[in-house]
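Q: Sharing a structure, written as structure tokens. Questions coming.
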Amino acid sequence: MTVAAACIVVSGQNAPSPIHFSYRPIGFRLDSCETPRRHAPETMAGGVAVFDYNNDGYLDIFFTNGADILSLKKTAPKYSNRLFENDGKGNFTDVTGKAGLAGTGFDNGVAIGDYDNDGREDIFVGGIHGNHLYHNDGGTFTDVTAKAGLAAPDRQYGPLWSVGGAWVDVNNDGLLDLLVVNYLAWDPNTEPSCEAAPGKLDYCHPKFYKATPNQLFLNNGDGTFRDISAESGIRAHPGKGMGIGVADYDLDGLMDFFIANDKMNNSLFHNKGGAHFEEVAFDAGVALTEDGKFISGMGADFRDVDNDGLPDIVFAALDGEMFPLFRNLAKRGFADATRSSGIARLTLPMAGYSSTIADFDNDGWKDLFVTRGHVQALGLGSKVQIDQPNTVFRNLGGAKFQALTEEAGLSAQPPARHRGSAVADLNADGRLDVVATALSAPAELWLNDSPGGAHWLELKLDGTASNRDGIGARIKVTAGGHVQYNHVSFAAGYASSSAAPTHFGLGPEASASLIEIRWPSGIMQELKDVVSDRIIRVKEPHP
Amino acid sequence: MSMIPAAIRFLSLLLLAAQSGAAVQDAVAEAARGTALSREGKYELAIQHYKAALRLDSHLPGLYLNLGLAYFKSKRLPEAAAAFEQAVRADSESFQAHALLGMSYYGCTRYADAAAQLKLASNAQPDNLELRYTLAQSYLASNQYPQAVAEFHFLLSKNPDSAPVHILLGEVLDASNQIEAATTEFEAAMKASPVPPDGHFGLGYLYWKQQRYEEACHEFEAELETQPQHTQALTYLGDAEMHADRNQRAETHLRRSLALDANNRLAHLDLGILLAGRNESAEATRCFREAIRIDPSKPDAHYRFGRLLSSLGRQQEAQAEFEKVKKLAADEPPPPLLSLPGRRVP
């Protein structure tokens, strides 16, 4: 509490915003092939990932991109996915061609994970009627989708529309499994036309499309995967997934999934062990907002925002719906804290896509960054604000939030229809930066230049018995009497992946007195008196 | 006609003219009698004479207008409208005919038709504020919001301090989903003295919709000072207090609201939420069931009830409620002020 209190701006008209970003351009423009016909995928593109593709210690950026909407082929260079290599100072060079990541189809989302534990991050790209798994051969990539057993269309639903997914070890066997989040059933030949005004087409409401099931692929450990969607219990609950959050919400040592659905009840898949799941969203209180509304669930994140050791859920939605915050009350399920946290009032007029939970001012309390923009098209005289700026919601100490947009420098670029986002310290200054995409607009790099000089610490985990990325590891950091928690999960936001070291703000504390890690293997590890302001690599000890 | 000899045709015309001249004289006399009776307030008798005059000469100038007025004053609005329609047909340039037809339509709740006629009348007399006010109300009642907004803005340009016009404009803006602009209008209306009835409630409701619960509570309380039995103000005050985590005060207001109106769904629902929150499950169950009985189409009560049942371990019943929620698949924002029970009827 003292850490947060020290950072709160009490008064002063010209007091600097406690969280501030500066815009930096990056040479990527998202092209979803927007047409007057308004095909649904055109408004949903824009996944982005940060990860270290070449193990040089600097975080690089990968953008997914659209394609010709009717052929679903990348018929022109403007549709190419793009990989940008970081020189460590926040300067980026396009290395797509060298890496072999241009792609072929209409790509939507991305999930990063080292599925073969070779120490190199691999890429899953989810797309419209086609997904791709790229194996990292050491700075170059090979498309191994078919070989891995991920190319087959669904027997019942046919080709699916994936908005990304998450790498997670569902059975704690040390191998990352793949959960693919699917949106809705889309066929350009049978898609309805929806008029926003006479003669003016706009994107249709999701109710005009059928729900589709998510998929779970179990890692066989030999470069192949087995579809266990049905036997795991995942397939029995089709949805219109837009966001996935991964966390062990009941602290039983097994990773669970929250999936935000678009105008449908959300799903919370509780991991019962043995790669079996039960869907418990209604009983847990996260299926709907507290007033029983079906809202436009968008990108989600699932982390502890109030430092009570229990992961909470945040996701974005459209204007008038508010961005829900579900606080984890342990055995009592979740409480809808959207109103009590102040987020309801702050977000009532906003439309958002990608919400990520991270500590942007290093005060020891995780904030929210939400990319904003409407799902609807431009220029139809709508009352809703189509183009919007991004907003960071500063955590004032666990239960209340403050919205910072212009104050945080986020109006430095014109409002846009922002989509995906990824969070990481891209210029190695100890402050978390954001990369965001926007439809038919340049991508935005928001470098964090928040004042205050608060201390920080990042942990890069190296699993041995557990998966190499340490995904699922639960980390407790104690510094100056302030305790905070996070866990390793790269899935966050809309269609995006933040495969960065796990970041902790320490406020005024120059060291953490204790770091406790519970690895997915069950191994417990303690680090004492860890000096701040650096990235530490932590190798999982042998049992 | 070509078969009739020309002479016979000429004679026939002469006869017709003679008869017609007499009829006109009689019609004029009947009409004059009708007008005299109208002046005495004997509208029913006046109507008989006007009708007699019409039977004699339906082309007598002003006759339909007078007949319509007699109907209008005797509150027989559909007949008035029919007479004014004839008057408009007889003279499509007549300001009076359009204005009175518009007023009659308005009285018959034919607001779109009223707006069309009153618009024609206002073209002739653009500074007739009474007419423009009714025109604005007609637009509002017929959901022609952009036109209503323009009319109310015109009225405010002539009288910037008119509280009723600010309120009506606020309601139109609210119905048009322009809630911040609506709030500004209500705030302007609150500067008037005396504050118009329902003004504080309306402003409070707009604050409530924007989750501005403290300000909402303040306005609802102000409304209740002058109208202690204002059920809506009590209910929404209770709801706002609940969202501001002042549960005891919320409960008091909700119970008072239910004492005034036992069919108040929101009050039952909120009371159920409060009681469930402090584990008074039996009474919470009764409240949720009552809320569901009053309006089973609203998902919120089913959802809350399902959550309560789930927490009680009654999973099967909980699932049944959740299934109802799924079927309802609601996508309902809070209703606009205009649609609240007990609100303005033009």
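Q: Which of the residues spanning the range A:159-199 are in contact (Cβ under 8 Å) with a residue 60 or more places away in the chain, in a loop (DSSP other than H, G, I, E, B) and either closer than 23 Å to A:ALA211 by Cα or acidic (Asp, Glu) (or both)?
A: Residues of the range A:159-199 that are in contact (Cβ under 8 Å) with a residue 60 or more places away in the chain, as a first pass: A:161, A:163-172, A:174-179, A:181, A:183-184, A:186, A:188, A:191, A:193-194, A:196-197.
Remaining after also requiring in a loop (DSSP other than H, G, I, E, B): A:169-172, A:174-176, A:183, A:186, A:188, A:191, A:193.
Hits for the range A:159-199 are A:ASP169, A:TYR183, A:TRP186, A:PRO188, A:GLU191, A:SER193.
Q: Quick one: which strands (runs of 3 or more DSSP E) sit completely within the range A:332-439 and have at least 1 residues that are within 14 Å of chain B (Cβ to nearest Cβ)? Can you show your working first?
A: Details: elements: A:334-336, A:352-358, A:367-372, A:391-395, A:401-404, A:418-424, A:433-438.
Answer list for the range A:332-439: A:334-336, A:401-404.
Q: Follow-up. Could you tell me whether B:GLU215 is under 29 Å from A:ALA284 (Cα atoms) and either within 14 Å of chain A (Cβ to nearest Cβ) or out of contact with any Gly (no Cβ under 8 Å at 6 or more places or on another chain) (or both)?
A: In short, no.
Q: Only residues that are part of a loop (DSSP other than H, G, I, E, B) and either under 17 Å from A:LEU268 (Cβ atoms) or more than 11 Å from every other protein chain (Cβ to nearest Cβ) (or both): list them for the range A:316-331, please.
A: We begin by selecting, within the range A:316-331, every residue part of a loop (DSSP other than H, G, I, E, B); these are A:316-324, A:329.
Across the range A:316-331, the qualifying residues are A:ALA316, A:ALA317, A:PHE323, A:PRO324, A:LEU329.
Q: Can you tell me which residues in the range A:277-292 are without any contact (Cβ under 8 Å) to a residue 24 or more places away in the chain, within 7 Å of chain B (Cβ to nearest Cβ) and either over 19 Å from A:ARG339 (Cβ atoms) or assigned to a strand (DSSP E or B) (or both)?
A: Hit for the range A:277-292 is A:PHE282, nothing else.
Q: For the range A:35-55, give me the residue count where each residue is part of a loop (DSSP other than H, G, I, E, B), out of contact with any Leu (no Cβ under 7 Å at 6 or more places or on another chain) and surrounded by fewer than 24 Cβ atoms within 10 Å (Cβ to Cβ).
A: Residues meeting the conditions: 4.
Q: While we're on this one: Taking the stated definitions as given, is B:HIS253 more than 24 Å from B:LYS327 (Cα to Cα), within 13 Å of chain A (Cβ to nearest Cβ) and without any contact (Cβ under 8 Å) to a residue 60 or more places away in the chain? Explain how you work it out, then say what you get.
A: On the way: more than 24 Å from B:LYS327 (Cα to Cα): yes; within 13 Å of chain A (Cβ to nearest Cβ): no; without any contact (Cβ under 8 Å) to a residue 60 or more places away in the chain: yes.
No, not satisfied.
Q: Within the group A:ILE313, A:ILE295, which residue is within 14 Å of chain B (Cβ to nearest Cβ) and either closer than 18 Å to A:VAL375 by Cα or out of contact with any helix residue (DSSP H, G or I) (no Cβ under 7 Å at 6 or more places or on another chain) (or both)?
A: Numbers: A:ILE313 fails: within 14 Å of chain B (Cβ to nearest Cβ).
Going through A:ILE313, A:ILE295 in turn, just one is within 14 Å of chain B (Cβ to nearest Cβ) and either closer than 18 Å to A:VAL375 by Cα or out of contact with any helix residue (DSSP H, G or I) (no Cβ under 7 Å at 6 or more places or on another chain) (or both): A:ILE295.
Q: For the range B:75-97, how many residues meet the condition of being touching a Phe, Trp or Tyr at 6+ places or on another chain (Cβ under 7 Å) and farther than 21 Å from B:GLU130 by Cα?
A: Here the count works out to 5.
Q: Right, another one. Counting just the residues of the range A:513-535 that are aliphatic (A, V, I, L, M) and in contact with a strand residue (DSSP E or B) (Cβ under 6 Å, 6 or more places away or on another chain), which one comes out farthest from A:GLU458 (Cα to Cα)? If you could, list the steps in order and put the result at the bottom.
A: Applying the first criterion (aliphatic (A, V, I, L, M)) to the range A:513-535 yields A:514-515, A:517, A:523-524, A:527, A:530-531, A:535.
Filter once more, keeping what is in contact with a strand residue (DSSP E or B) (Cβ under 6 Å, 6 or more places away or on another chain): A:514-515, A:517, A:524, A:527, A:530-531, A:535.
Details: A:LEU514: 14, A:ILE515: 11, A:ILE517: 13, A:MET524: 18, A:LEU527: 13, A:VAL530: 11, A:VAL531: 11, A:ILE535: 4 Å.
Going through the qualifying residues, I end up with A:MET524.
Residues checked against (1) farther than 20 Å from A:LEU176 by Cβ; (2) surrounded by fewer than 19 Cβ atoms within 10 Å (Cβ to Cβ):
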| residue | (1), (2) |
| --- | --- |
| A:LEU70 | yes, yes |
| A:PHE84 | yes, no |
| A:ASP87 | yes, yes |
| A:ASP94 | yes, yes |
| A:GLY109 | no, no |
| A:GLU121 | no, no |
| A:PHE141 | no, no |
| A:GLY165 | no, no |
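Q: Would you check if there is a residue in the range B:222-239 being within 14 Å of chain A (Cβ to nearest Cβ), under 29 Å from B:VAL172 (Cβ atoms) and either at pLDDT below 95 or in a helix (DSSP H, G or I) (or both)?
A: We begin by selecting, within the range B:222-239, every residue within 14 Å of chain A (Cβ to nearest Cβ); these are B:239.
Cutting the leftovers down to under 29 Å from B:VAL172 (Cβ atoms) gives us B:239.
Then drop every residue that is not either at pLDDT below 95 or in a helix (DSSP H, G or I) (or both), which leaves B:239.
The answer is yes; a qualifying residue exists.
Q: Please indicate, with yes or no, whether at least one residue in the range A:222-229 is aromatic (Phe, Trp, Tyr), touching a helix residue (DSSP H, G or I) at 6+ places or on another chain (Cβ under 6 Å) and either away from chain B (no Cβ under 14 Å) or farther than 15 Å from A:LEU184 by Cα (or both). Walk me through how you get there before you give the answer.
A: Filtering the range A:222-229 down to residues aromatic (Phe, Trp, Tyr) leaves A:225.
Narrowing further to those that are touching a helix residue (DSSP H, G or I) at 6+ places or on another chain (Cβ under 6 Å): A:225.
Restricting the remaining residues to those that are either away from chain B (no Cβ under 14 Å) or farther than 15 Å from A:LEU184 by Cα (or both) gives A:225.
Taking every residue of the range A:222-229 in turn, at least one turns out to be aromatic (Phe, Trp, Tyr), touching a helix residue (DSSP H, G or I) at 6+ places or on another chain (Cβ under 6 Å) and either away from chain B (no Cβ under 14 Å) or farther than 15 Å from A:LEU184 by Cα (or both).
Q: Looking only at the range A:105-125, count how many residues are within 23 Å of the chain's Cα centre (by Cα) and in a loop (DSSP other than H, G, I, E, B). Please lay out each step first, then the result.
A: As a first pass, look at the range A:105-125 and keep what is within 23 Å of the chain's Cα centre (by Cα): A:105-117, A:119-125.
Remaining after also requiring in a loop (DSSP other than H, G, I, E, B): A:106, A:114-117, A:119-121.
So the answer is 8.
Q: I'd like to check something: does the range B:167-178 contain any residue that is modelled with pLDDT of 95 or more, within 30 Å of A:LEU346 (Cβ to Cβ) and of a type in the set (S, T, N, Q)?
A: Within the range B:167-178 (the criterion being modelled with pLDDT of 95 or more, within 30 Å of A:LEU346 (Cβ to Cβ) and of a type in the set (S, T, N, Q)), the answer is no, since none of the residues qualifies.
The values are calculated or read from the model by the stated rules, or taken from the named source; none is laboratory data. Quick caveat, the model's predicted, so the values are computed rather than measured. Positions of Cβ are backbone-derived with ideal geometry, glycine not excepted, and every protein chain shown enters the neighbour counts.
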